[in-house]
Each structure stands twice: as structure tokens, then as C-alpha cells.
Amino acid sequence: MFAPSLSKPRTPLALYALTAGAFGIGTTEFVIMGLLLQVAADLHVSIAAAGLLITGYALGVFVGAPLLTAATSRLHRKTALVALMLIFTVGNLASALAPNYTVLMIARVITSLAHGTFFGVGAVVATGLVAEDRKASAISIMFTGLTVATLLGVPAGAWLGHAYGWRATFWAVTAIGVVATAIIALLVPSDRSDTAPALFLEELRGIAKLQVLLGLLMTVLGFAGVFTVFTYIQAILTGVTGVTGFADSSVSPILLVFGGGLVVGNLLGGRLADRKLTPTLLGSLIALAIVLGAMTFALHSKPAMIVFTGLLGIAAFATVAPLQLRVLQKAAGSGQSLASSFNIAAFNLGNAIGAWLGGVVITHGPGMTAVTWVAALVTISGLVVALVSVRLDSVRRVESRTSAVCASA
């Protein structure tokens, strides 16, 4: 698939180029959360309207993943990655220059369009850079850019916005985009094959398989459980935990614990999935459901909530590499890029569903203290889908062996 080598290095430099792109995209996705007050004041809109900049981005990712994958389906993957990073960079430049709220929203949506396809195509490229037994780890290394963005890039961007204005943050992310684009163009190898990339309709047929669709569904449900809780983690920590809750100033350090958990879980999930994909897939979903459910009993203990916030980060991102690799394997062939992009869209759809569900539970009952166990039930439903998918694999293997025996007889 990529430039030939007698033995592929365990972690090629091209993989870190993809990580750099993931870092930039992850930073621009989440940094707006720490800039809402400044944006609202500067552009003379309400905080609720400023919050829609987050919703607009998430919906742009969900819609943009399949659309841009279709638009770039005739391009070779390296060319597609460079084009996507250029869209990302231009979108952030437009955000930095936006004269009003409407232009900023349009710029955010433009930026978001590149998100799903970059991670989707990037995951396919990453798996092609390493040996067969390192594919899940390659995906997790690329996604480390996203976790490090959550851990370091977002707080740094928020500090920059507070010190020099919110536009300074978008100028900084634009610069990251320029650097990441140059690194990808320099380090990512060109496709080795001279054959033209697959037609979009061929890729669409490649993902119209029951097992691929089941993989996408387990991604949606798994991450819907995560964001049912994480969307409201600040309210939970300050309003529910302990006797009077944590102080507002304590939330950021606690979220650093969550970010550290993301990094650990992401790398751990990748390594375990390389060894045993199916057990890691099922085990990570089980662990996530247990953490969410057990968090219910930790809500009134400050030390316990700090621990469980970190455990939630570990459990949540331990699922990412196995979920992504499962979809890639089941879409083996011409549909991999599109399936991978759809799975990134599925993560974001899960985020949106989780945020909506958590809001319903809080607003219409049974209330804030029920958010965690409701989230656990959502993740359990994703686990059920995974068990059905694995069972279908077993049935088909038995049928194949039976057919082979009959044929030989």
C-alpha cells in the first residue's frame, strides 16, 4: 500500500506526522469550550449562542465525514490528507478573522468538515505503515494527538485566549495546521500502487455489510454512554459530589486527571487489541460499563470521584482502537477509508446523543445523580451489539468449516 521496505519500523516517523495533525484537529474541536465567555462578549451574543459553536462543529463532523470521503475518494490517501489539513488550516484562519458570529459559525463548520475524513483516512494510512501485529497500536498512536490535545492543547489554548483574546488561540491553531500540513507532506509516503483509488460507490458497497453496520452501532452506543456523563462532569463535580461539591477552581485540575486517563487508555487499548482484538473489544466495553455504573456509588465522595474521573478517561479511550480496527477489518477491501470515516462520524454522533440524553435525565428526571447509571445502561446496549456481532462471526466460521468438509467429502 505504501512505499516498500523490507521490514517496517515499529513506529515510523510518518505515524507521528499523523499524530501532529490529530493534535491540531483535537485542539480546535475542544478549545472553544474554554473561550465561550470571551467569544460571547466580543461578538455580542449570549453564552447559549456561543455554545452552539460546539454543536455546529459536532454536526459538521458527522455530516462531513461521509461527504468529504466521497469528494476525496478519487484521490490517493496522502493527497487527501494534505487537502484535508489545508481545509482545516483555512477554516481556523477564517475563525481568527471572523468579524461576526455568523462568519465564525460558518468557519467552524468548514473546519469540522475535515475532521472525520482526516481521522478515517489517517487510520487506514496508519495501519499500512506498520506490521500486521501493530495495526491497533498504530491507530492508538495517531489518536494520541487527540488525547494530548485534550490534556495539554485545550488548556494552553484557553490560557492564550484569556491572556491575548480568543482570536489569538485560533491564530495559534492555524500555525499548528501549517506545520502539520508540511510534516504530513514531507513524511507520509505516497501510495505505492499505480492503480486508481476505488470509486465511491464501490466503497459504499464495501461498508453495506451487516458486521460493519454493527461495528458502527457499537461505537455510537459506547461513546453515547461516555458523553452522557462527561458533558455534565462540571455540574456533577460542583453540584453533586461531596457535601457541597468541588469548588469551580478544582474542576480544571480534575479534568487533567481525565485527560491523563485518556492517554493511558488510548495506548493500552491499542496494545491489547494488537494481541487479541475481540477480547479487548468486549473487555473494554465491559470495563467502561462497570466504571460508569460504579461511579454512581462514588458521587458523594470527593476522593472517589477524582479516581473515577481518571478511570473514566482510561476506560473510554481504551475502546477507541479496538472499535476502529474492528470496523476496518470488517470493511476489508475498497470500503476501508469510507468505513473508517463513518466510524469517526459514529463517535461524534454518540457524543451528541449522550449530551442530549444526559440533559433529558437531568431536566426531566430522575435527576443528576442518575446520569451515571443511565450512561452505564447505554454502554451495556453497545456491549450487547458487540456480543451479537462476535456470535455472528462464530456462526459463520462453523458454516465455513461445514461447507469445506462437505465439499471435500
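What the table below lists for this structure:
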read-out: Qualifying residue in the range 390-403 (condition: buried (at least 22 other Cβ atoms within 10 Å of the Cβ), modelled with pLDDT of 85 or more and part of a helix (DSSP H, G or I)); value: no
read-out: Set Ile54, Ile87, Ile139: member being at pLDDT 90 or above and hydrophobic (A, V, I, L, M, F, W, C); value: Ile87
read-out: Filter result for Ala180 (closer than 28 Å to Ile32 by Cβ, modelled with pLDDT of 85 or more and surrounded by 24 or more Cβ atoms within 10 Å (Cβ to Cβ)); value: yes
read-out: Residues that are more than 18 Å from Val226 (Cβ to Cβ), surrounded by fewer than 17 Cβ atoms within 10 Å (Cβ to Cβ) and either modelled with pLDDT of 90 or more or not small (Gly, Ala, Ser) (or both), drawn from the range 252-296; value: Pro253, Arg271, Arg275, Lys276, Thr278, Pro279
read-out: Count - residues of the range 44-78 that are surrounded by fewer than 17 Cβ atoms within 10 Å (Cβ to Cβ) and either at positive phi or among the hydroxyl-bearing types (Ser, Thr, Tyr) (or both); value: 3
read-out: Any hit, the range 21-40, residues being over 24 Å from Trp159 (Cβ atoms) and modelled with pLDDT under 90; value: no
read-out: Hits in the range 214-263 - residues which are touching a residue at least 24 places away in the same chain (Cβ under 8 Å), closer than 15 Å to Pro155 by Cα and of a type in the set (Val, Ile, Thr); value: Ile254, Val257
read-out: Evaluation of Val327 against (1) out of contact with any Leu (no Cβ under 7 Å at 6 or more places or on another chain); (2) surrounded by 19 or more Cβ atoms within 10 Å (Cβ to Cβ) (one fails), failing number; value: (1)
read-out: Residue, nearest to Trp166 (Cα to Cα), within the range 65-79, restricted to residues that are under 21 Å from the mean Cα position of the chain (by Cα) and free of Cβ contacts under 8 Å to residues at least 60 places away in the same chain; value: Leu67
read-out: Sole exception among (1) assigned to a loop (DSSP other than H, G, I, E, B); (2) more than 18 Å from Pro189 (Cα to Cα); (3) of a type in the set (Lys, Arg) for Arg74, by number; value: (2)
read-out: Any hit, the range 44-56, residues being touching a Gly at 6+ places or on another chain (Cβ under 8 Å) and either closer than 20 Å to Asn351 by Cα or touching a residue at least 12 places away in the same chain (Cβ under 8 Å) (or both); value: no
read-out: Qualifying residue in the range 272-286 (condition: touching a residue at least 12 places away in the same chain (Cβ under 8 Å) and assigned to a loop (DSSP other than H, G, I, E, B)); value: no
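The values are calculated or read from the model by the stated rules, or taken from the named source; none is laboratory data. Note that this is a predicted model, so its numbers are computed, not measured. Cβ sites come from the backbone with ideal geometry, for glycine too, and all protein chains shown count toward neighbours.
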